[in-house]
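All remarks here apply to the structure that follows.
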There are 4 protein chains.
Amino acid sequence: MWVSVDLCVVPLGVGLSLSSYIAACKNVIEKTGLDYEVGPNGTAIEGDWDEVFACIRACHEAVHKKGAARIYTTLKVNTRIDRKQSFREKVPSIKFALNSEG
Amino acid sequence: MWVSVDLCVVPLGVGLSLSSYIAACKNVIEKTGLDYEVGPNGTAIEGDWDEVFACIRACHEAVHKKGAARIYTTLKVNTRIDRKQSFREKVPSIKFALNSEG
Amino acid sequence: MWVSVDLCVVPLGVGLSLSSYIAACKNVIEKTGLDYEVGPNGTAIEGDWDEVFACIRACHEAVHKKGAARIYTTLKVNTRIDRKQSFREKVPSIKFALNSEG
Amino acid sequence: MWVSVDLCVVPLGVGLSLSSYIAACKNVIEKTGLDYEVGPNGTAIEGDWDEVFACIRACHEAVHKKGAARIYTTLKVNTRIDRKQSFREKVPSIKFALNSEG
């Protein structure tokens, strides 16, 4: 099953600056070969369900290993069986809808 | 790795009443033997990471099979390595904090 | 406009125990007179849109005042114009759906 | 109070294609003059708390008016009192962290 997610990993108890932990996740995701894009409030990742969730688990493991004892992650998980949709089509389809409606 | 999640499955394109789809998820979760509790805005589930996410995948499969072509799920995912915490301790610990502070 | 939300306030940079901050939010919510229920992964609150969001703002202010310099909150926000639905009906309606389908 | 949010509005009971509803939200946000950026899984918006939440309310009103009887929105809400941070700094700060660590 194909899945497209938005991943936002928040380590707790490590102070106010989280960017080095997000960077550690980016390294983990990069190594999987899954298609992804880092955004300001989350990272879009997509691929086979089991590969995507193995990647998310690996992100948790990397952030714990880096010193965060507690992690709070939020996920948006999109699946559809009518057709395959990539996260890369979403922003263009909104722009297309805007133009269509004038 | 132990994980405690909040699961909220929203089928799209199936009309306004979603409770039969949530009921289908409840049946899937019940069969796994994982500890869970249905709430008004999500279902708390906890257990081993791989079992919990296999359960969430099975929920998506059940809701698609029931006729929803598209699903939008939101998840809150909690892991900690300092100690094991069950979702069942959380509400009591908030009450304890309230009493402690008078 | 009537709104039913799930509120989860996560203070950052304050260590691993968050229950005293959630307790502070509970006090804020209690004073508003809005209907609410604390759950393991979030607090259900409902009422008039402006009152509910004024309450959420007051929660952020209380948690900052208590010492958290940074807050990451997740919200699920439900509105509907076909009929009024309380969060208190949701769990019973799932049970009803389960029984109806046998 | 300054706030930076991630907004994801999901209309229910309107079929599988949501882009025209998201486009309607984009129009609403554009008119407010708030800084924003549409992403694949949500729209980053930031500004004064009351203005941002008035904008989110206006999005709900616009999507209901366009025909959606029920809306399920998820929000990530960031506030901090130590310093002002724009969503536009987040992706660069992750890249900076990656480079710093080699």
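Every number in this text was worked out from the coordinates using simple rules, so none of it is lab data. Keep in mind that this is a model prediction, so the values were computed, not measured. No Cβ is skipped: glycine too gets one built from the backbone with ideal geometry, and neighbour counts run over all protein chains shown.
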**Study point:** For A:Lys84, inter-copy label distances in nm, listed shortest first [label point 7 Å out on the Cα-Cβ vector]
**Key:** 4.1, 4.5, 4.9
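Using DSSP to define loop residues, name the trypsin sites (Lys or Arg not before Pro) in segment D:13-69 whose beta-carbon has at most 10 other beta-carbon atoms within 10 Å.
Details: sites: D:Lys26, D:Lys31, D:Arg57, D:Lys65, D:Lys66; in loops: D:Lys66.
Loop-located and lightly packed - none at all.
As a test of the formula, what do you get for the protein assembly as shown when each DSSP H run with n ≥ 4 contributes -39,500 (n - 2.57) and the sum is divided by the residue count, at 222 nm and rounded to the nearest 500 deg cm²/dmol? If you can, show how the numbers build up before the last one.
Details: 12 runs with 169 residues, N = 408.
Calculated at 222 nm, the ellipticity per residue is -13500 deg cm²/dmol.
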Revision key, fill the gap. The farthest towards the positive end of the charge dipole of chain B, of the residues B:Tyr36, B:Ala54, B:Leu12, given +1 on Cβ of Lys and Arg and -1 on Cβ of Asp and Glu, is B:Leu12
Study note, to complete from the structure: Per the rotation taking chain B to chain D, min distance Cβ-to-axis on chain B (residue, whole Å) equals B:Thr74, 3
Point to revise | Pairwise label distance in nanometres, B:Lys65 with A:Glu61, each label 7 Å out on the Cα-Cβ vector | key: 3.0 nm
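Could you list the GluC sites (Glu not before Pro) in segment B:60-102 that lie in coil according to DSSP, counting only those with at most 11 other Cβ atoms within 10 Å of their Cβ? Intermediate values should be presented prior to the final figure.
Values: sites: B:Glu61, B:Glu89, B:Glu101; in loops: B:Glu101.
Passing both the DSSP loop test and the Cβ count: B:Glu101.
How big is D, in µm² s⁻¹, for chain D by Stokes-Einstein at 20 °C and 1.002 mPa s if Rh is the Kirkwood radius over C-alpha pairs?
On the way: Rh = 14.7 Å.
The calculation lands on 146 µm²/s.
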Check your understanding: Under the definition of partner shielding as Cβ atoms of other protein chains within 10 Å of a residue Cβ, what is the mean value for peptide C:86-93?
Key -> 4
Revision key, fill the gap. At R0 = 35 Å the Cβ-Cβ FRET efficiency linking C:Asp82 and A:Asp82, nearest 0.05, sits at 0.90
Practice item. Run the dipole for the protein assembly as shown about the Cα centre, Lys and Arg Cβ at +1, Asp and Glu Cβ at -1, nothing else charged, and hand back the magnitude in debye, nearest 20. Key: 0 debye
Check your understanding: Shortest first, in nm, what separates the label point of B:Ser17 from those of the same position in the other copies (7 Å along Cα→Cβ)?
Key -> 2.8, 4.7, 5.5
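Nothing charged except the Cβ atoms of Lys and Arg (+1) and of Asp and Glu (-1): what's the magnitude of the dipole of chain A about its Cα centre? Round to the nearest 20 debye. Walk me through the numbers before you get to the answer.
Details: 13 positive and 12 negative charges, 55 e Å.
Here chain A has a charge dipole of around 260 debye.
Would you tell me the mean number of C-beta atoms belonging to other protein chains that fall within 10 Å of each C-beta in D:23-34, as a whole number? Mind showing how you got there, number by number?
Values: counts 9, 4, 1, 4, 2, 0, 0, 1, 0, 0, 0, 0.
That average works out to 2.
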Check your understanding: So what's the protein assembly as shown giving for Rg/Rh, alpha carbon basis, Kirkwood Rh from the mean inverse pair distance?
Key -> 0.93
Exercise for review: Along Cα-to-Cβ, 7 Å out, sits the label point; list in nm, shortest first, how far the one on B:Lys65 is from those in the other copies.
Suggested key: 3.6, 4.4, 5.3
Review point. So what's the angle, to the nearest 10 degrees on a 0 to 90 scale, between helix C:90-101 and the longest Cα principal axis of chain C?
Key: 30 degrees
